[in-house]
Amino acid sequence: MILPIVAYGDPVLRKKCKEIPQDYPKLDELIENMWETMYNAFGVGLAAPQIGRPIRLFLVDSSPFAEDEELELQEREELKKLKKVFINPKIIEEEGDEWAFNEGCLSIPDVREDVFRKPQILIEYQDENFKAHRETFTGLAARVIQHEYDHIEGILFTDKLSSLKKRLLKGKLGGISKGKVKIEYKMRFPEMKKGR
């Protein structure tokens, strides 16, 4: 089932999310719905708060980036294979010199900005069967994971922009929270007037 994606301005996007117990009700169904929602919106990642759930869960499928011929073949192969569910993740360390990449977010449509992030992360997480993993990711794969991880910490990519950029985007972000944006997927807007 395709779920509405929560737009910028909704308080759930600012919550530090809670861990998920193994007996969390209908988790398999939730994960299935999240995959469907993400693919319907042509996203490469989706975090639970983006569908209104303040829990430590996100999923990533970076395969669309594998089409980018400017990337090294090895990185393209890694991106093609990265399709994972992250439950109760914890980034242990981020390493390397920060680099910029133009990011966007399904909760903030029509806004894309360069964001600086470190190129390598070490992360511990559980998969959909609650099996524990500890893995290192680099490059774009690391970036997609960092972006989704920020969501479960209540952080948006726009928080990482300069104060000048934030001021320039203020009106557009306010418009998004009121539903003043053209989108091809279902969304829920926090400030949209009822009865429209």
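The values are calculated or read from the model by the stated rules, or taken from the named source; none is laboratory data. Predicted model, so just to flag it, every value in this text is computed and none were measured. So basically every Cβ, Gly included, is an ideal-geometry build from the backbone, and we count neighbours across all protein chains shown. Note: areas computed on protein heavy atoms with side chains; ligands, DNA, RNA excluded. Shrake-Rupley method; radii C 1.70, N 1.55, O 1.52, S 1.80 Å.
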query: Can you give the relative contact order of region 45-129 as a percent, counting alpha carbon pairs under 8 Å and 6+ residues apart?
result: 26 percent
message: Run the simple label-point estimate for GLU19 and PHE101 please: 7 Å along Cα→C-beta, distance reported in nm.
response: 2.9 nm
query: Quick one: if the Förster radius is 22 Å, what FRET efficiency do GLU69 and THR136 give, using the C-beta to C-beta distance and rounding to 0.05?
result: 0.30
- line: One would report the Cα pair-distance distribution of region 138-196, bin width 5 Å, in %, as 4, 14, 17, 19, 23, 14, 6, 2, 1, 0
- prompt: If you take the Cα Rg of region 1-48 and divide it by 2.2 N^0.38 Å, with N the number of residues, what do you get?
  reply: 1.23
Sparse-neighbourhood loop sites, GluC sites (Glu not before Pro) in region 127-166 - DSSP loop, at most 10 other Cβ within 10 angstrom: none
- line: Filtering chymotrypsin sites (Phe, Trp or Tyr not before Pro) in region 51-142 by DSSP loop and by at most 14 other Cβ atoms within 10 Å leaves PHE130
query: Could you give the nm distance between label points at SER162 and GLU32, where each point is 7 Å from its Cα heading toward the beta carbon?
result: 4.8 nm
task: Might you tell me the accessible area per residue for region 30-114, computed with a 1.4 Å probe and given in Å²?
output: 49 Å²
- prompt: DSSP loop GluC sites (Glu not before Pro) in region 1-48 with at most 14 other Cβ atoms within 10 Å of their Cβ, which ones?
  reply: GLU19
- prompt: Normalised by the number of residues in region 75-196, what is the relative contact order in percent for Cα pairs under 8 Å and 6+ residues apart?
  reply: 21 percent
query: Dipole of the chain, Cα-centred, from +1 at each Lys and Arg C-beta and -1 at each Asp and Glu C-beta, to the nearest 20 debye?
result: 1520 debye
statement: Mean separation of Cα contacts under 8 Å (at least 6 apart) over the residue count of region 1-93, i.e. the relative contact order in percent, is 29 percent
C-alpha center-to-center spacing [region 144-196, region 17-72] in angstrom: 18 Å
